[in-house]
Every structure is written in C-alpha cells, then in structure tokens.
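Notes to accompany the following structure.
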Amino acid sequence: MRRSDVPSILLPRRRFVQGLTTAGVGLGLGLIRPAWATEPMSPASLLAGNAMDLEIREASADFTGRARRAVTVNGGVPGPTLRWKEGETVSLHVQNHLDRTSSIHWHGLIVPAHQDGVPGISFDGIPAGSSFTYRFPVRQSGTYWYHAHSRFQEQSGLYGAIVIEPKEGERHVADRDYVLLISDWTDEDPERVYAKLRTRSDVYNYGQPTLSDFLRDARAKGLGEAASMRSMWNRMRMNMSDLADVSGATYTYLVNGATPAANWTGLFRPGERVRLRLINGSSNSIFDLRIPGLRLRVIAADGQDVEPVLVDELRLSAAETYDVIVEPGDDRAYTIFAQSIDRSGYARATLAPREGMAAAVPPLDPRPRLAMRDMMGSMGDDAADDSGMVMAHHARSEYGAGVDMRVDMPRTNLDDPGVGLRDRAHRVLTYADLHTLGGALDTREPSRTIELHLTGNMGRFMWSFDGLKYSEAKPVHFRSGERLRVTLVNDTMMNHPIHLHGMWSEIESPDGAFQVRKHTVNIQPAQQVSYAVTADNPGRWAFHCHMLYHMEAGMFREVVVS
Amino acid sequence: MTWRAALVALAMMPGIVAAQSMKDMQGMDQSTMHDDPPPAASAPAASPADQHDSPDHAGHDMSGMAGMGHTSNNAGMEMGPMQGGKAPADARSGDWSDGVAPMSAHDMRMMDMDDTSSTGMLLIDNLEAYAGQGGHGQSWEAEGWYGNDRDKLWVRSEGDRSDGRPQDGDVEVLWSHAVATFWDTQLGVRRDIGAGPKRNWAAFGVQGLAPYWFEVEATAYAGQGGRTAARVRVEYELLLTQRLILQPEIELNAYGKNDIARGIRSGISSVDGGLRLRYEIRRSVAPYVGVAWEHLTGGTADLASGRGQRITDRRWVAGVRLWF
C-alpha cells in the first residue's frame, strides 16, 4: 500500500504525553494546559445490532505529533464498540484489506472453536484481501473486548470493546454507561520493540537501581541493611525494578484512543450513577486505576457479575475488564487516573459535568520495587501468607537455559494487591474481594490437577510454560466433559495475565472454595493460583500469557478438548 | 595509578568484589541461594551473619533457608536451589498431552508466530581516541551476533591503532550456544591482526553473567606449532543515574609459548584495565570519557623494556558507544 493510499484517522492533533517528565511536570500540576488538551473527543464509534461489517485496514494515526501506521477497524484506534444482546446470534463480516493475514479474537466470549479467531489453531486466519464471517450465539452478557491474534496487529491498533446487554436487563441501573478502553501505543514498529527486548531485555527500563538509590537506601536503613538487600538481588542477577518490559519510554497510554493530553471526557450530572466499563486492551501494560474523590463499586469482573465491593483503587492486568459504578456528587470534574505498574506513565480521562472541565492529575507514584515475596513466595518474610504451606512441583524441563529462577514454596493468598499497591492507605481491590454471583458453573470437584509453571529467562527474553516454549511443547489435553483444576505457579518476577480461550477459569480460594469466574487470571510473581475448568467446549484452543511480547516469545500452549 | 585501581573501582559497591565473580564463574550456575559460601572477600555488611542480625530482615537470611523452621511442617522436604542446577529425580514431566498430537505448533507461520526466530545485534562498546604516555591513537572493541535464543553466530573484535597503523588486535568468529541460564559456550576461531605475524587460533570459551552482574568472557586458544593462549575479560556497569553509567573493565592475556615476533613471552603477558563514564543520550548512542591502563607483565614486560617500550601506559580516552 502506498502512503498516499493510506486513509487518515481524523483526530484532533495532539501533542504527546508519554512519560514522567512531560506529563508529571506539565499537565500534572495543571499549570500548562494548552487549549487542545481539553477539546472534546469525537465519541468512539458504536455498532449495535446482530449483523455488522468490520473492515481491517492500515491507516495513518498520530498520537504523538508523528504520523505512524496503524491497523484499524472501521478506520479507528480503537475500533468501534460492538453492542450485542445476550441470546442473539451475531453475524460479523470481517473484510481484511491488509497485505497479510489478519484475525479477530472475541476475548472472553465462549464461542465454538472455529469462531474463536486464532489463526493456526481455531481457523485459518483471514488471508490478505479476503473476508471471513464469524457467526455465533451470544450466551453471556457484560463487558468484553476483541483484538487481533496475528503477530503484533493488536499492538498496532486492532482492538475494540464489546458490550453485551443481559437478556433480563441490567442488574445495576445507571444513568450513564461509559466504556473506558485503556491501551498502549508505541510509535516504534512493534517488530523493532520485540527485537530490542530480545537483545537487551531492560532496554525500556529507566527505573533501574542506581548508585544514588543505594545511597538513599543507606541513609534510610543503614549501610549494612541497604548493602545486604542489594547484594542479594545482585547475586541472583535479578532486578528489583523489573516491573514492565515495555514502558512509558516508548508507550503513550490511551483511553478510548485519547492521549492523557487529549483527555477523553465523560459527562454526568451531579448525583447520577455512572457505570464505567474498564477494559485493559493494552498489549503489554498493567494499570493501577483510581478516581480521586470517588469510590469504585466493583460490580463485575471479566464480564461476570460479582457481589458488589467498594474500593478506592484497582489493578487492571492486561486483558482484564472490570465494571464499576461511581456516584460523582459534586459539580466538579474528576480525573480517572491509570498509572502503569512501573509508574513510567499514565492514561488519563475525566468525568465532568460539562465539556472542557478538568481536575488535577495526581503525580505518578514513586516506582515500586519488587519485594522478597515476589522472589521467594511464602519464604519471603514479608509474604503475609497464612494460607498454609504449598510446595511447587517443578518440571524436568525447568532446569535449563530458558529458566532463570524457580520458586519452591509459592504464596497462595489472593488478598495481596501486588507490588506497588501494598502500602496504600486506601482500599485496593484484590482477587480475594471478588465473588461471582451464583457460584460456580459446575459444582463437581475437579478430578485431577494440571500444574503448569510460568517460566522465563529475563536476560535472554525467553518465556515459556514449564521451561518449554510453544514450539517445543506438546498440547495440554483436557478430557472432554471433565472438571479439572489448573494450578499455575509463577516462577518469574513479573506478573503474567494468563488467558484460557473457550472456557471459563473459575478461581479457587487458597482453601479450595469457589471464588470468582474469569477469562484472564493475573498471577503475581512467586504466586500460585488454582482455578477449575469444565472442559465442555470441544476443539483446539489457545492458552497464553496476555503480555503480547511474552506470548510471542513462547509463553503459549495449545489446549485440546477431546 | 595502576590497573589495581580498576579493581578498587569494581569493589565500590559494598558486597561486590571482582574475585567473587571469578570464583562463581568457575562454579557457573551451580551457585545457589543457600549453598553459596558467603563471599570471602566481600564487605562485612553483606555477610549472611549480618543479614541475620538485622532485625527487619531476620527472615531474609538466605544461607539458612535450606534448614529453616518450615522443615518441621514438612518432614523430609528438600528445597532445591532457586537457580540453575540439575532436575531432581522426582521432577515431574512437562507433558500434559495424553498423546494428543499438536496441530498448530508445526504451522506457526499461519499464526504469524515464531518463538525461535533469529535476530541480530551490533554493539560497538568502545570506539575511541586515546592519549597515553607512550603516544596516542585509536582503539575499538566491538561485538555482534545473529541467531536465536540458544544458538548465535558471534563476532567480536578489539584492537588499537597508532601512527596510522594497526598495532595489535584480533577478530573472533564464534558459535555461541546457551548451556545454562546465564552462560554460553563459545567455539570458533580468532585471527590476530596488526603488527607482527597474523596468527590464527582455534578458540573455546564461556561467556555470560556472573553473580552480581559481572559480564565475563573467558576464552582458551590453540594455534599452530603448539601455541596456546588464554584471555579473560570482566566488565561491570555501575549506574550512577539511569543514563550516566560508569563501566569498569579488566582484561588479562596469557600465552603458553614465546612469540617474540609479536613481542610476547610465555606466561601472563598483559593486564589491561579501563574505567569509562558514558552518558546514554539514547540507549543506542552514548559518548564517554575515561581512563585506561595497559600493563605488560612477566617476560613480556622484560621484552618490552629491553626494546625501550613502556611497560605501563596510562591513557585518557574519549569515544562513543553505539548499539544497533
């Protein structure tokens, strides 16, 4: 495609807000607020009904002041929000105008295997210049999203929100209903990002421990303490700042396609109940989201209704969705603030009674450091895990060049909000707070356990399950109809949101009770999480880490239900 | 100031001494969290005993972990090392397939995925001008590779030029193979360039990351006529800030036989050190300034002084580090 043929996304021209310096110093203090920063965004396009046409094509997009190629759906980044009704059968005609194979996967939707949209596993992909019609009954409701499952097309812009209206009507009445699709954008070619990570995995980490940090620690804790702490990490060749492979050094974080400066705004009248459908549609980012001045009533996780729980902040791992209700009472603007886990940047939007209003943007928190429990599990004395001792069973294939550490005694508690959120004065959501309404879909006790370890070698940027990359591994077999338990042990020091296609993951509490139904389960460093699965959807399915670069590097398995 | 200054610099961080990395290198990945002896030469603050005494970190005592109190709850439980090591006899299988054949893994092209694809890298670590007591010139140190996670074609070169002529240097081409978490073995050839006969060598060595983040290269060489040689290089990066980085480096060369034509006598022939302070404008471009020492030793030093050459040369250097 020649450049002149490339259609342009018509968005207001915005300057970038990428990382700490610009965002924190400029807009953060609310001192520099150029006129364009508060221009109203054109609403994200919306498609409703049970038959829709989706067109995938390359277009020029400009998020930072530099025009770049994006992969768009119906001309937008993100693509249109799709609104369906539970119980209908939808027909989605997807035309691929790219010069290479493309695909759309309906994330979190339980569909027949050949409609799932993973090329090479559940269908043949949508070849260049041709089309594919997805057709499946919608048997669930809630907030989901869609994205490409072809190389880095998702990172390049191919994603969008899905909202499914319940057959019986919404359980929670709200006066306003907004989708907040948070994502990460890079001006670099994602192939280049991947190549850089594979040659120098810390290339985007500008929060590494330095000599000045060390001297600050030594002043605070004493030289001996600071030295022994640093020495332990250094001896293991592990980095306590290893929170995000790709950071605000290259990413611009977006809400509904708007940069922090462009400030996507949702309107309300004081006293109204506003439902926010939070979607982390990013390729490689985890966000901590809060709205200063408002409490978040969490009513659904990954599309599934939960017993409402009031929190002040929540962590959105990649591919997770949460529905929250807020009740802004004052006639003023509220900032929706979602900082990346490594505090290298943030996504920002605003709830306001009128267009053009904005509230102060909080400063980014100091960069957190991994704690002992993130390296040693329940053996770290800060683990706060009173849920009993578990021993991990390592696979033979974990003893090799592709694995840089193993955790023998992972922590199993779900009430840990994770690194960077542990010292909050306010309430932060944890998995222990989530209880899916109605309980488990299948009350049978799992008849067997499949233990898989999340493994990697950060230095070599190798990622795997059980030390085996996708290309080295055999499929995981679920016996048709069985209720089984998947136990995931994170032997790395990064968070991994693990997504099983085609079936629900029903997380168990440490004592084995049903907790919450999810499609994407974030496993913290040195943590073990178990969930039950009912193998009732025959076919071949993808099972992978939803960090796109981890998935591409090998943290991926094929699951066969037969 | 001598090359020893570089050692002192390496030890600037409490608990870190170059000798420790050399020791650990021999042990490769056998180093574990609980059976590593406390670093003999490290600063007292880093010793496990002190960690244990520190009230806030009593439980961080890693050296005592193997036998810690949990054992009483789990009689007979054996903790493995957290890194490296060999799989215990009772390690489970990673195969959950029940014999079901993979469909897609063999057609990753359709998925547009390839977790074994190759990539390449070129790092010109030093490209600099120097002004020394024995003259001035230019020198370089570079490495590049192409390959996947496990196997790479590795090329590296170093050398210097003065009076417009190459003086001493070599080029190595190696097959680098990942054998352990942090270590690769390397097998290949080296060709000497510069003044004197152009020797060819077979090369075998290891390269990797020793505990405490020391980059280590240790290579043995065998040449024609029964010549042997060895080179060890240790490098460290001390982050003063995110972009201002101090990089100490030591290199040691040894030869098994006299090679008078190249000014070498058997034994340890030279110990070089460098201390470079760079500023990463971008990750890919970092200008630097520094100081380097070249120190000839043993018979090689005698040979040089007999020819009226300097045994020790201190050089001021300025250059740029480039990463592609």
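The values are calculated or read from the model by the stated rules, or taken from the named source; none is laboratory data. Everything quoted here is computed from the prediction, not taken from an experiment. Ideal geometry is used to build each Cβ from the backbone, glycine not excepted, and the neighbour counts take in all protein chains shown. Each accessible area value is taken on the protein alone, full model and side chains, heavy atoms only, with ligands, DNA and RNA left out. Shrake-Rupley method; radii C 1.70, N 1.55, O 1.52, S 1.80 Å.
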- Note on the structure: From the Cα centre of region A:41-118 to that of region A:215-268, the distance in Å is 33 Å
- Note on the structure: Ranked output for segments B:176-185, B:277-286, A:396-405, A:490-499 by mean other Cβ atoms within 10 Å, highest leading, reads A:490-499, A:396-405, B:176-185, B:277-286
- Message: Run the reach check for A:K167 against lysines, Cα to Cα strictly under 20 Å, same-chain hits fewer than 8 apart removed. What comes back?
- Response: A:K85
- Chains A and B: what accessible area do they bury, summed, in square angstrom to the nearest 100, with a 1.4 Å probe? 7900 Å²
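Pop out the carbon and sulfur fraction of the accessible area of chain A as a percent, whole number, probe 1.4 Å. Intermediate values should be presented prior to the final figure.
Numbers: 8510 of 17310 Å².
Here it works out to 49 percent.
Using Stokes-Einstein with the Kirkwood hydrodynamic radius over Cα pairs, what translational diffusion coefficient do you get for region A:167-244 at 20 °C and a viscosity of 1.002 mPa s, in µm²/s rounded to a whole number? Don't skip to the answer; put the middle values down first.
Details: Rh = 17.1 Å.
In µm²/s, the coefficient is 126.
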- Using 7 Å Cα-to-Cβ label points, what is the A:L437/A:R69 separation (nm, one decimal)? 4.6 nm
- Note on the structure: Taking placed amide H atoms and a strict 5 Å upper bound, the residues 5 or more places from A:K167 or on another chain that come that close are A:E86
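If you stretched the chain out fully between B:V171 and B:A129, how much longer would it get, using 0.36 nm times the residue separation minus the C-alpha to C-alpha distance?
13.2 nm
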- Which residues qualify? For A:V179, with a placed amide H closer than 5 Å and at least 5 residues away or on another chain, they are A:R277
- Query: Relative to a virtual label point 7 Å from the Cα of B:K257 in the Cα→beta-carbon direction, which members of region B:214-230 show backbone nitrogen distances below 11 Å?
  - Reply: B:222-229
- Which net charge results for the neighbourhood of A:M458, defined as the other residues with beta-carbon distances under 10 angstrom from its beta-carbon, given Lys and Arg at +1 and Asp and Glu at -1? -2
- Between the modelled labels at B:S117 and B:S93 (7 Å from Cα along Cα→Cβ) the distance in nm is 3.3 nm
- Item | Solvent-accessible area per residue for chain A (1.4 angstrom probe, square angstrom) | 31 Å²
- Which whole-Hz ³J(HN,Hα) couplings does region B:146-161 yield from phi under the Karplus relation 6.51 cos²θ - 1.76 cosθ + 1.60, θ = phi - 60°, glycine and proline marked x? 9, x, 9, 4, 9, 10, 9, 8, 10, 10, 9, 8, 8, x, 9, 9
- With θ set to phi - 60°, apply the Karplus curve 6.51 cos²θ - 1.76 cosθ + 1.60 along region B:308-324 and write out the HN-Hα couplings as whole Hz, x wherever there is a Gly or Pro. x, 9, 6, 7, 10, 10, 9, 10, 8, 10, 8, x, 9, 10, 10, 10, 10
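What Kirkwood Rh does region A:96-248 have if only Cα atoms enter the pairwise 1/r average? Answer in Å.
Working: mean 1/r = 0.0502 Å⁻¹.
It works out to 19.9 Å.
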- Item | Simple label model, 7 Å out from Cα along Cβ direction - B:L153 to A:E327, nm | 6.9 nm
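Mind listing which trypsin sites (Lys or Arg not before Pro) in region A:158-226 are in a DSSP loop and have 13 or fewer other Cβ atoms within 10 Å? Show your work: numbers first, answer last.
Numbers: sites: A:K167, A:R171, A:R176, A:R192, A:K196, A:R198, A:R200, A:R216, A:R219, A:K221; in loops: A:K167, A:R171, A:R200.
Those satisfying the criteria are A:K167, A:R171.
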- Rounded to a whole %, the carbon-and-sulfur portion of the accessible area of region B:201-251 at a 1.4 Å probe is 64 percent
- Task: Within a 10 angstrom radius of each residue's Cβ in B:211-217, how many Cβ atoms of other chains show up on average? Whole number is fine.
- Result: 3
- Quick one: what are the phi-derived ³J(HN,Hα) couplings along region A:95-112, Karplus 6.51/-1.76/1.60 with θ = phi - 60°, whole Hz, x for glycine and proline? 9, 9, 8, 6, 9, 8, 5, 10, 6, 10, 10, 8, 6, x, 8, 8, 10, x
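Which of the pairs A:K196/B:K86; A:K196/B:K198; B:K152/B:K198; A:K196/B:K152; A:K196/A:K474 have their Cα atoms more than 24 Å apart in this structure?
A:K196/B:K86; A:K196/B:K198; B:K152/B:K198; A:K196/A:K474
When ligands, DNA and RNA are left out and all protein chains stay put, how many square angstrom of accessible area per residue does region B:80-216 have with a 1.4 Å probe? Display every interim value, and only then the final one.
On the way: 6060 Å² over 137 residues.
Averaged over the residues of region B:80-216, the accessible area is 44 Å².
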- Computed, not fitted: 222 nm per-residue ellipticity of chain A from DSSP H runs ≥ 4 (each -39500 (n - 2.57)), nearest 500, equal to -2000 deg cm²/dmol
- Note on the structure: Residues of region A:247-277 with backbone N under 14 Å of the label point set 7 Å from the Cα of A:D175 along Cα→Cβ are A:267-275
